[in-house]
1. Scan segment 50-66 residue by residue and report those that are touching a Phe, Trp or Tyr at 6+ places or on another chain (Cβ under 8 Å) and more than 16 Å from the ligand (Cβ to nearest atom).
2. Please work out if P267 is more than 23 Å from A175 (Cβ to Cβ) and more than 14 Å from the ligand (Cβ to nearest atom).
3. Any idea which of (1) outside any strand (DSSP E or B); (2) of a type outside the set (F, W, Y); (3) surrounded by fewer than 18 Cβ atoms within 10 Å (Cβ to Cβ); (4) touching a helix residue (DSSP H, G or I) at 6+ places or on another chain (Cβ under 6 Å) is the one I253 doesn't satisfy?
4. So, restricting to strands (runs of 3 or more DSSP E) that lie completely within segment 148-241, which ones have at least 2 residues that are within 12 Å of the ligand (Cβ to nearest atom) and more than 14 Å from S287 (Cα to Cα)?
5. Could you give me the residue pairs with C-beta distances under 8 Å whose first residue belongs to segment 312-339 and is farther than 20 Å from P115 by Cα, whose second residue is of a type in the set (D, E, K, R) and assigned to a loop (DSSP other than H, G, I, E, B) wherever it lies, and which are 6+ apart or on separate chains?
6. Can you spot a residue in segment 6-14 that is at pLDDT below 95, loosely packed, with under 13 Cβ neighbours inside 10 Å and assigned to a helix (DSSP H, G or I)?
Amino acid sequence: MEMFDWKCLPFGYIKTDFNVRSRYKDGKWGKLEVSSSEYIDIHIAATGLHYGQEAFEGLKAYMGKDGKIRLFRWDENAKRLMLSADGVRMEKVPTEMFREALFQVVKLNKKFVPPYGSGASLYIRPLLYGSGAEVGVKPAAEYTFLIFVTPVGPYFKGGVKPVNMMICRDVDRAAPLGTGTFKVGGNYAASLRALMKAKEDGFASTIFLDAREKKYIDECGPANFFGIKDNTYITPKSESILNSITNMSLIKIAESLGMKTERRRVPVEELSTFAEAGACGTAAVISPIGKIVDPERNVIYEYCKDGNPGPSTMKLYNKLVAIQNGDEKDEFGWMTIVE
Ligand SMILES: Cc1ncc(COP(=O)(O)O)c(C=O)c1O
């Protein structure tokens, strides 16, 4: 009997069998340990709790038609975790240790990798935090690194569907010279007021503007923004957004499909000129945007007027998903088989 109704899995947490952990103490990382507990013992004065010394990552493993499990650009996640660690002055996780933990946790939880064709995947969450005790504001001397996994359902059940977004002008997710480019928990805490307001008002997410001038698009909640016009893929360049690995990959795919690409500041008014718009990230790959509402300016930007994602969006989406599932040749060398 199947363990789950894979097609109906939520995008949420489900217990799996094992996670892997390592502690940094006395100037060195310890051996990776396998745990079957969902809990961590944490010092009451840990800097991860008090001073936000923590960072995380998110990536997925996919089951191919050939029965092989594939990871998508995991080395980029390892690199970004190092950048985030440095950003809040934590001990970095060496790439080799990240790789070993990643492969181990996926192999140990193999039975939780959703089957090919279900649209579901195994979400992988690496976490790093200051576990050493400090009371003054300073970096901890001890760190904990762990990775857990959880099977997640397809983001869009029943196909890719356009979502509506709301422009947020009264909350900033990150300051221009702050921590926006790091995947640290504080940025997510800072975004919650805006995100919850957008949800209460019936929107899928919020679009943050640049905090300095409120003139340019930053990003869409936990995803990067892109717009398409004149066969060109345009995505914001900003000093306060997380550099999405999905976005980086879509740029390469767009180029391979003969599109032009631009990474530059995107003024809010330019929204009216795009033929298609979307949000991209590991969770949904692409969320096509149907409508962007700017309540304070009383403006609505509309895309997908027939209710369907635009043709370029779907081309990009299909190609990336085909590579991730192993259906198409991995021409960019992005996939790693877990053996
Ligand atoms: C703030 C933010 N922006 C963008 C992204 C998309 O990044 P990626 O494509 O690497 O998942 C995420 C998700 O990780 C995110 O949390």
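The values are calculated or read from the model by the stated rules, or taken from the named source; none is laboratory data. What you are looking at is a predicted structure, and each value in this text was computed from that prediction instead of being measured. Glycine gets a Cβ as well: all are built from the backbone with ideal geometry, and neighbour counts include every protein chain shown.
1. Q53, M63, G64, K65
2. No.
3. The failed condition is (3).
4. Counting at least 2 such residues, we get 232-236.
5. Matching pairs, first to second residue: W334/R73.
6. For segment 6-14, residues at pLDDT below 95, loosely packed, with under 13 Cβ neighbours inside 10 Å and assigned to a helix (DSSP H, G or I): present.
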